Amino acid sequence: MPSCRLAVMALLLLVACGADPRERDGTWRPTGANAANLRVMIADPAHLDRGVGDPRGRGRQAADAIERLEDDALKPLPDVRASTVGPSAGGGGLGAQR
């Protein structure tokens, strides 16, 4: 009798595994809305196949920075402790002497 239960449970598991959860009623299915929206918003349909460079882009700067990184020739970082803002020579605050 226990082997019969085991066989029935194995059969039920096999049947349950065969069902695709994406095919259940009420499950969202892709409709192609993203692709349709993109086609509506794109200025030139050819841009969907190949991109267009940005003339305002800073690609050369980025490429130079990567080359310096690869060549181990990085530029030194600016000293953030050297501030151009500081106490002025003229007084006038609460602690000023008269």
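The values are calculated or read from the model by the stated rules, or taken from the named source; none is laboratory data. Note that the structure is predicted; figures quoted are calculated from it, not measured. Here Cβ is always computed from backbone atoms with ideal geometry, including for glycine, and neighbour counts include all displayed protein chains.
A few points about this structure:
- Listed by first and then second residue, the pairs linking a residue in the range 28-57 that is free of Cβ contacts under 8 Å to residues at least 24 places away in the same chain and exposed (fewer than 10 other Cβ atoms within 10 Å of the Cβ) to a residue that is assigned to a helix (DSSP H, G or I) and not aliphatic (A, V, I, L, M), with Cβ atoms under 6 Å apart and 6 or more places separating them unless they lie on different chains, form an empty list.
- For V15, the conditions (1) in a helix (DSSP H, G or I); (2) β-branched (V, I, T); (3) at pLDDT 80 or above all hold with the exception of (3).
The rows are residues; the columns are (1) modelled with pLDDT under 80; (2) of a type in the set (D, E); (3) part of a helix (DSSP H, G or I).
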| site | (1), (2), (3) |
| --- | --- |
| W28 | no, no, no |
| N34 | no, no, yes |
| V40 | no, no, yes |
| A43 | no, no, no |
| A62 | no, no, yes |
| E67 | no, yes, yes |
| K75 | no, no, no |
